[in-house]
Amino acid sequence: MFEQKCNLIEATEKLKAGMFVHIHGYINSHGEKQNATFHADANYENTHKRSAEMLDKIEQDESLSFEIVRNAWIDAKGIEYKNKAKDRTKKLGIKETITIHDKDFPEAVAKLRKSIIDPRKQTDNFEKVGKSTYDNSNTNKTYFRNVLVASKVVVVKGIYEPVCSARVNAIKDALKDMLPIGEYRQYVLDDEMVKVADGTEAPRFEYVALMGESVSSSSSSDDA
């Protein structure tokens, strides 16, 4: 892993902001296996500025129409809740079409705007060691961060437990996915064997392609 990490950091020094990087066969914490292409070394301030500007336009768009799919706990009277209780039943896959005239739309926009212009400060113990490349002293792992996903192909679907949330939050999350900040991701770069949702085991990732070069997981023998 040390040699792989050194090669990775050396390769990322050639990157310029916005250049593409491809991570192949990446397995996330839900066992989802994916091939993702993203923009490296994204500018945090510019990304949030563009997101705020786009949200301003979305808020005024009379033609806006999008679907949300959410889950909720419902009592005998049909009232929805986000938390479980004795007299409530979980209802999955509630589909709704949202416009700017929806009763929860203004609150969803306000909550999203606050998270963009006044994000919560977090102590994350990350130290930058290369462009978009960080070490974490808590996990002793290396990460790709400050990247914006351009495309993703799911090879094996992950296992995601259904989560119930307030309706306004479901609208907020859908709006966030329309903005650059919704494309922010981070990837763990280690040589561990991890579980895939299909029951198999595989390396965390197969390879990372950087400007025509690649860094393979030391647990993988397949670079294609």
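Tabulated results
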{"item": "Hits in segment 111-149 - residues which are in contact (Cβ under 8 Å) with a residue 60 or more places away in the chain and among the charged types (D, E, K, R)", "result": "LYS111, ARG113, LYS131"}
{"item": "Residue that is modelled with the lowest pLDDT [pool: residues in segment 130-141 that are over 18 Å from the mean Cα position of the chain (by Cα) and either exposed (fewer than 12 other Cβ atoms within 10 Å of the Cβ) or more than 18 Å from GLU45 (Cα to Cα) (or both)]", "result": "GLY130"}
{"item": "Condition check for ILE79: exposed (fewer than 13 other Cβ atoms within 10 Å of the Cβ), more than 30 Å from GLU201 (Cβ to Cβ) and over 22 Å from the mean Cα position of the chain (by Cα)", "result": "yes"}
{"item": "Test: residue in segment 55-63 that is within 26 Å of GLY158 (Cβ to Cβ), out of contact with any Gly (no Cβ under 7 Å at 6 or more places or on another chain) and of a type in the set (Val, Ile, Thr)", "result": "no"}
{"item": "Failed item, numbered, when THR200 is tested on (1) of a type in the set (S, T, N, Q); (2) buried (at least 16 other Cβ atoms within 10 Å of the Cβ); (3) at pLDDT 90 or above", "result": "(2)"}
{"item": "The listed residue being touching a strand residue (DSSP E or B) at 6+ places or on another chain (Cβ under 6 Å) and modelled with pLDDT of 95 or more, out of GLU127, GLU59, GLU96", "result": "GLU96"}
{"item": "Residues being free of Cβ contacts under 8 Å to residues at least 60 places away in the same chain and part of a helix (DSSP H, G or I) - total across segment 24-61", "result": "7"}
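The values are calculated or read from the model by the stated rules, or taken from the named source; none is laboratory data. Computed from a predicted structure; not experimentally measured. Every residue, glycine among them, receives a Cβ derived from its backbone with ideal geometry; neighbour counts consider all protein chains shown.
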